[in-house]
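Since the structure comes first, as structure tokens, the remarks are kept for the end.
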Amino acid sequence: MEDINTIITKNFNENISYIEQNHPQLFSKLVALDNAVQHSNYQEKYELVYENGYFDVLEKKTNSYLYSKDSRIHASLAQESIDYTLDENLFEGFHKHNISLDDLKRYEDEKPFVHHMSGYAPTIHYTNSKSPKQKELKSINKFIFFGVGLGLHVTSIHKKIKSSVYLIVEDDLELFRLSLFVTNYKEISLDATLFFCVFEDDNQFFTTATNFLKTKHYYNHYIKYFHILSHSEEKIEQFHVAVTSQSHLLFFYNHLLTQYLTPLEYIFYDYRFLNSSLSLSDKLTDEKPFLLIAAGPSLQKNMEWLKKNRNHFVIVALSATLSILEKEKIVPDIITHLDAFDAAKAHFEKLNSLEFIKDSIYMFTARTPKEVVSMFDKKRLFFFETGTQYKKLSLKPSAPCVGSLTYQLLLRLNVKNLYLLGLDLAIDSKTGKTHSDTHEYVQTLTMPESSAQKQTMSFKDSLFYVAGNLTDKVATTPNFKISIDAINQATNILKKETQSVFNLNDGAKFLGTISKKPSDMTLKSTQDIRAHIYDLCLENSSSRLDENEIKNLYKKLSHAKQMQNIITSHNQKEKPDAKRYLRELEELCLTISSSENINNYELARVLDTCSQYILTYIFDFFNTVGLENEKEHIENIDNMLVSHMLKIIDFYKNALDSRLE
């Protein structure tokens, strides 16, 4: 018994020291739990017991045991259940493609960078056609534990698979604390990178899961997991969302490449860019509340209220709502637009006449296609940058959709009282519709079985529940969930104590907002301040580039040439085997995606997005049991990868050169 006490004391002390140094947020939770117990603010539910040569957990209230059998046997069975096949308990972090020879020819004949698959198709076709018919993994490089218990199975499985990265999920903080006596996480951390999701809410879990996916992202093709039956399946479902929400699976490199170059056209043609100095908080603007209007179901439900009360607000409308507002003769003061694709023109072509919005203020992303920009009066158009760094002082909001971006923008601009209508980010509970009827991408969805039980999960039409604004819960999609998280993040980072946000929607609940039904509000009339806001925009905007910003463009060009040399040099290195080759690819990734490159150079973000998508196919290909002719594959695959990256760099360089001539 003395030996056991020595072991558990050593485990606990080493774990606490390790967690304090490497996982401070988790350490703070453990300290808070200890303090709550000491001050009788929390009654412990469990007791760690050691009987018959094994550990178990006694639940005091029910007098039942967690394992109810030898926990060592449970750990051994868990270890045996993990295999290297693709039959069950795994996430697929990639898009499946069956590329035919006809597809290859079609992509080859296309104009460069029209479709993201034009660059990926040769590699994916090659890996598909050269892989053994029966797929089995050589190694499991990333692994997830859903439920810890005492963690004995964590140790046993790690001994078998020796993964590089683990995500360890446990909703019960007290139970996790008991595992610190039995499982030595510090020892496991000597071989692997550990991510802990312990007692985390949905938003915290999404952040942890995203960081886990970003770490050694080239191992994300297949991620296996073990689920302890006593642990909820909810986090499995949420991880499905995180996997399908990976940015490189949503925003493709070819679009980033062409769209990151679009702002230069507007800069060199003297369009105005909003400065970060712009504030919509002064004596006039503070007296009148702002109403953000999005195209969710709640807009249609509350149209009569909006028609009666439109003059009480500064109306900030997303471009997708314009056809609805025109029908009701509600003229927005400000119009925001984020869609950088040619299809965005549909939002404006639906209007009977652009005269309807001729006096509005247009706040558009500088990535907006010129076919859309040309429709509007240049004097009333103000750009902001999204994803680019051309003008040092410009506004640079970042969000996955125009609703969450406009919300962030208005917080940044110090709007004092902000009301949200139509920003549901959930489906209508009665109709199942995702948006108002006239929205370009409206869908009607129905609630399926648990996503945790599904083999695949679609980003746009899978459904699950989140907290509701006016009801306990509402159904949402992964597409909407990423925007909900973006809104909550914006609130945490940007919202000041002097700012109030009122959520009027029968949709998702947002952090730091006040739930309110439109019918419960009393509003007073105030003067029209659109002209005043326009003057503020003029005073706090600029056109063209100054001398330092021109120098920065030359610096971007120099960086492109540097990337060209680095990638060419990589291609010329000796690659004796797959292990060495994959290590060199890792090094290339780290160079491209260094924080300095990602923060300062658009090209680095394009190359990083490209590599995140394709490298999982390459790493998985060489992680296949029974693969023959390895050296030949290395040369062929690397030539395809490097050739495509150099084409991206050439395209970018030529575009910059043409502007700097």
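The values are calculated or read from the model by the stated rules, or taken from the named source; none is laboratory data. Because the structure is predicted, anything quoted here is derived from the model rather than measured. We place every Cβ from the backbone using ideal geometry, glycine too, and count neighbours over all the protein chains shown. Surface accessibility is based on the protein's heavy atoms, side chains included, excluding ligands, DNA and RNA. Shrake-Rupley method; radii C 1.70, N 1.55, O 1.52, S 1.80 Å.
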**OP:** In square nanometres and to one decimal, what's the mean projected area of the convex hull around the Cα atoms of the chain?
**Re:** 33.3
Original post:
Roughly how many nanometres apart are two label points built 7 Å out from the Cα toward the Cβ at residue 471 and residue 378?
Top reply: 5.0
**OP:** Would you list, by chain and number, the aspartates and glutamates whose Cα falls below 14 Å from the Cα of residue 653, excluding same-chain residues fewer than 8 positions away?
**Re:** 602, 661
Original post:
Can you give the angle from 0 to 90° between the axis of helix 173-182 and the longest principal axis of the chain, with both taken from C-alpha atoms, to the nearest 10?
Top reply: 40
Original post:
Under 17 Å Cα-Cα from residue 135, which lysines qualify once same-chain neighbours fewer than 8 residues away are excluded?
Top reply: 96, 224
Original post:
Once the Cα atoms of helix 630-660 and of the chain are each reduced to a long axis, what angle between those two axes, in degrees from 0 to 90 to the nearest 10, is obtained?
Top reply: 20
**OP:** Calculate, for residue 45 and residue 136, the FRET efficiency according to 1/(1 + (r/R0)^6) with r their C-beta to C-beta distance and R0 60 Å; round to the nearest 0.05.
**Re:** 0.90
**OP:** Give me the angle, in degrees from 0 to 90, between the Cα long axis of helix 2-22 and the longest principal axis of the Cα atoms of the chain, rounded to the nearest 10.
**Re:** 20
**OP:** Would you mind working out the magnitude of the charge dipole of segment 1-96 relative to its Cα centre, with +1 at each Lys and Arg C-beta and -1 at each Asp and Glu C-beta, to the nearest 20 Debye?
**Re:** 360
Original post:
With each run of n ≥ 4 DSSP H residues scored as -39500 (n - 2.57), what mean residue ellipticity at 222 nm is computed for the chain after dividing by its residue count and rounding to the nearest 500 deg cm²/dmol?
Top reply: -14500 deg cm²/dmol
Original post:
Nearest-5 percent of antiparallel DSSP beta bridges in the chain?
Top reply: 35
**OP:** May I ask you to order 170-181, 491-502 by the average number of other C-beta atoms within 10 Å around their residues, highest value first?
**Re:** 170-181, 491-502
Subject >> Cβ-placed point charges (K, R +1; D, E -1), dipole of the chain about Cα centre in debye, nearest 20 >> reply: 1480
Original post:
With a ≥ b ≥ c the root eigenvalues of the C-alpha gyration tensor of segment 213-295, is it rounded (a/c under 1.5), prolate (a/b larger than b/c) or oblate?
Top reply: oblate
Original post:
What pairs in 130/575; 396/516; 307/517 have C-alpha atoms more than 25 Å from each other?
Top reply: 396/516
Original post:
For segment 478-604, rounded, prolate or oblate, judged on the Cα gyration tensor with a ≥ b ≥ c (square roots of eigenvalues), a/c < 1.5 rounded, else prolate if a/b > b/c?
Top reply: oblate
**OP:** Could you check the simple spin-label distance between residue 115 and residue 277, using points 7 Å along Cα→Cβ, in nm with one decimal?
**Re:** 4.8
Original post:
Could you give me the ³J(HN,Hα) list for segment 362-371, computed from phi with Karplus coefficients 6.51, -1.76, 1.60 and θ = phi - 60°, whole Hz, x at Gly and Pro?
Top reply: 9, 10, 10, 5, 6, 8, 4, x, 5, 5
Original post:
Rounded, prolate or oblate: which fits segment 24-64, taking a ≥ b ≥ c as square roots of the Cα gyration tensor eigenvalues, rounded meaning a/c under 1.5, else prolate when a/b beats b/c?
Top reply: oblate
Original post:
So if we plug the beta-carbon distance of residue 69 and residue 128 into 1/(1 + (r/R0)^6) with R0 = 41 Å, what FRET efficiency do we get, rounded to 0.05?
Top reply: 0.40
Original post:
Dipole size in debye (nearest 20) for segment 201-269 around its Cα centre, Lys and Arg Cβ +1, Asp and Glu Cβ -1?
Top reply: 340
Subject >> Backbone N within segment 181-207 under 18 Å of label point (7 Å from residue 16 Cα along the Cβ vector) >> reply: 181-187
Subject >> Surface per residue (accessible, 1.4 Å probe) for segment 549-651, Å² >> reply: 44
